[in-house]
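Taking it in order: structure first as structure tokens, then the write-up.
The values are calculated or read from the model by the stated rules, or taken from the named source; none is laboratory data. None of these values were measured; they are calculated from a predicted model. Glycine also receives a Cβ, built like all others from the backbone with ideal geometry; neighbour counts cover every protein chain displayed. The protein model used for the area step is the full one, side chains on, heavy atoms only, and it has no ligands, DNA or RNA in it. Shrake-Rupley method; radii C 1.70, N 1.55, O 1.52, S 1.80 Å.
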Amino acid sequence: MSSVIVMQLRYAFRLYPDTGQRIALSRAFGCARVVFNDAVRAREDARKAEQPFPKAGELSTRLITQAKRTAERSWLGEVSAVVLQQSLRDAETAYRNFFASLKGTRKGPKTGPPRFESRKDARQSIRFTANARWNITDSGRLNLPKIGAVKVTWSRTLPTIPTSVTVIKDAAGRYFASFVIDTDPAADATRMPATDRTIGIDLGLTHFAVLSDGTKIDSPRFLRRAEKKLKKAQRELSRTQKGSKNREKARLEVARAHAKVTDARREFHHQLSTRLISENQGIAVEDLSVAGPARTRLAKSVHDAGWSSFVSMLQYKAERYGRTLVKIGRFEPTSQTCSTCGVKDGPKPLDVREWTCAACGTVHDRDHNAAINVKTAAGLAVSACGAPVRPGAFPAQREETGSHGFPTEPRAA
Ligand SMILES: [Zn+2]
């Protein structure tokens with residue numbers, strides 16, 4: 001039986017630092033970046049000199065403790081030492097991932113060697129761990145060492161005391177606090193009791209997703225509206241003159257609109273994935289990361305990016321709530337096979353929305369039929385006997401990103 005487990009989740013909230021706090025934050029971002037870059041440089045120098053890599057403790061002494069005493073780096077003393085230590089750890093993690101990727105022991109796409117960070121990077125961040133003496137004040141502000149008590153919009157309640165907080169400034173100039181929380185398995189089991197329902201999900205051509213029960217799911221209006229605004233902002237940007245003041249303004253407007261689309265899409269994926277996980281014990285999806293021999297569904301590739309982040313949400317939520325997620329390869333001819341009699345009817349052009357099976361005469365909606373086939377291919381269709389889920393399905397391994405990576409999970413279910 002699958003069981004509910006403890007997981008680490010991120011909860012993100014908007015921060016509103018005042019002018020002085022913004023200056024202190026940008027100083028902290030800058031110091032963290034300098035230490036990160038010094039660590040990368042130290043390793044690069046060692047590599048070029050064919051020397052062994054300096055040890056973490058040695059780097060900490062050299063790049064933080066001793067550097068603070070020099071004229072060029074004395075300002076490192078103006079920020080929390082924990083922030084600088086975390087920056088060193090991020091550099092270390094980046095190298096570990098790079099070497100693991102080289103050796104092929106790391107899952108996912110290939111990682112390049114760590115690069116130097118720049119003040120021009122769209123995203124800036126610093127991380128405070130438990131020993132950094134940060135806290136939430138009685139009036140609900142986030143009190144950060146050497147920065148102050150920053151105003152927070154608490155859009156939800158934190159279920160437990162967080163173990164760390166990352167402060168992020170995004171491309172649109174917004175500030176966020178991202179807290180790491182350990183989930184509570186007992187509460188999770190109560191929230192989502194076991195069920196015997198199973199479902200197959202197909203990435204629709206004209207819908208975001210089509211379920212094996214026939215439900216068709218479209219992007220919600222709040223996402224479509226955000227996408228429309230982004231298109232408008234992009235059009236306006238293209239009309240401005242290079243190097244003009246208006247262009248800068250338009251660029252920031254595009255960045256803001258882009259951030260809103262990203263947020264809206266994430267919100268939609270969260271709502272939908274939570275609903276599907278809540279209602280079903282077993283969920284089957286197409287795995288778009290596996291390239292099939294014939295990529296017959298090219299038209300769908302525009303959705304692929306959104307689809308993969310949606311599937312990764314399903315994956316960690318399945319793990320969290322003891323559900324089974326089965327991913328089936330793209331090589332399965334889900335749109336060619338009759339879900340009623342199993343006869344392979346041959347490829348269908350993308351504009352064929354409905355077809356009739358030559359063998360059994362069933363009239364199929366293309367996407368609904370595909371969703372049923374996704375479920376069947378995953379072995380989830382044989383649920384009547386009370387064994388709804390296939391055991392040993394793909395455990396989701398979420399990458400813990402450092403404060404210098406991109407947040408994979410800026411908010412939780
Ligand atoms: Zn048939």
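Take the conditions at pLDDT below 90, open to solvent by less than 50 Å² (accessible area, probe 1.4 Å) and part of a loop (DSSP other than H, G, I, E, B) and apply them to residue 333. Does it pass? It is true that residue 333 is at pLDDT below 90, open to solvent by less than 50 Å² (accessible area, probe 1.4 Å) and part of a loop (DSSP other than H, G, I, E, B). Would you be able to say whether some residue in region 197-212 is open to solvent by 60 Å² or more (accessible area, probe 1.4 Å), assigned by TED's automatic domain parsing to the domain that holds residue 365 and at pLDDT below 95? Yes, region 197-212 contains a residue that is open to solvent by 60 Å² or more (accessible area, probe 1.4 Å), assigned by TED's automatic domain parsing to the domain that holds residue 365 and at pLDDT below 95.
For region 60-93, the set of residues classified as part of a helix (DSSP H, G or I), among the acidic types (Asp, Glu) and more than 29 Å from residue 112 (Cα to Cα) consists of 78 only. Of all the listed residues (44, 50), the sole one being open to solvent by less than 80 Å² (accessible area, probe 1.4 Å), at pLDDT 90 or above, over 30 Å from residue 141 (Cα atoms) and not basic (Lys, Arg) is 44. Of the residues 356, 337, 324, the single one that is farther than 16 Å from residue 285 by Cβ, among the hydroxyl-bearing types (Ser, Thr, Tyr), touching a residue at least 12 places away in the same chain (Cβ under 8 Å) and touching a strand residue (DSSP E or B) at 6+ places or on another chain (Cβ under 7 Å) is 337.
Within region 336-365, work out how many residues are among the basic types (Lys, Arg) and away from the ligand (no atom under 14 Å from the Cβ). Matching residues across region 336-365 total 1.
How many residues does region 346-381 hold that are open to solvent by less than 50 Å² (accessible area, probe 1.4 Å) and in a loop (DSSP other than H, G, I, E, B)? Matching residues across region 346-381 total 9. For region 223-244, filtered to residues that are modelled with pLDDT of 90 or more, more than 25 Å from the chain's Cα centre (by Cα) and open to solvent by 100 Å² or more (accessible area, probe 1.4 Å), the residue that is nearest to residue 176 (Cα to Cα) is 232.
Select from region 166-190 the residues that are under 17 Å from the mean Cα position of the chain (by Cα) and not hydroxyl-bearing (Ser, Thr, Tyr) and list them in ascending order.
Across region 166-190, the qualifying residues are 167, 168, 169, 170, 171, 176, 177, 179, 180, 181.
Annotation note: Cβ proximity below 6 Å between a residue of region 228-250 that is farther than 23 Å from residue 264 by Cβ and a residue that is open to solvent by 90 Å² or more (accessible area, probe 1.4 Å) (sequence gap 6+ or interchain) occurs for 240/246.
One line per residue, one yes/no per condition, for (1) part of a loop (DSSP other than H, G, I, E, B); (2) closer than 30 Å to residue 379 by Cα; (3) open to solvent by 80 Å² or more (accessible area, probe 1.4 Å); (4) among the aromatic types (Phe, Trp, Tyr):
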site: 157; (1), (2), (3), (4): yes, no, yes, no
site: 162; (1), (2), (3), (4): yes, no, no, no
site: 187; (1), (2), (3), (4): no, yes, no, no
site: 194; (1), (2), (3), (4): yes, yes, yes, no
site: 250; (1), (2), (3), (4): no, no, no, no
site: 254; (1), (2), (3), (4): no, no, no, no
site: 258; (1), (2), (3), (4): no, no, yes, no
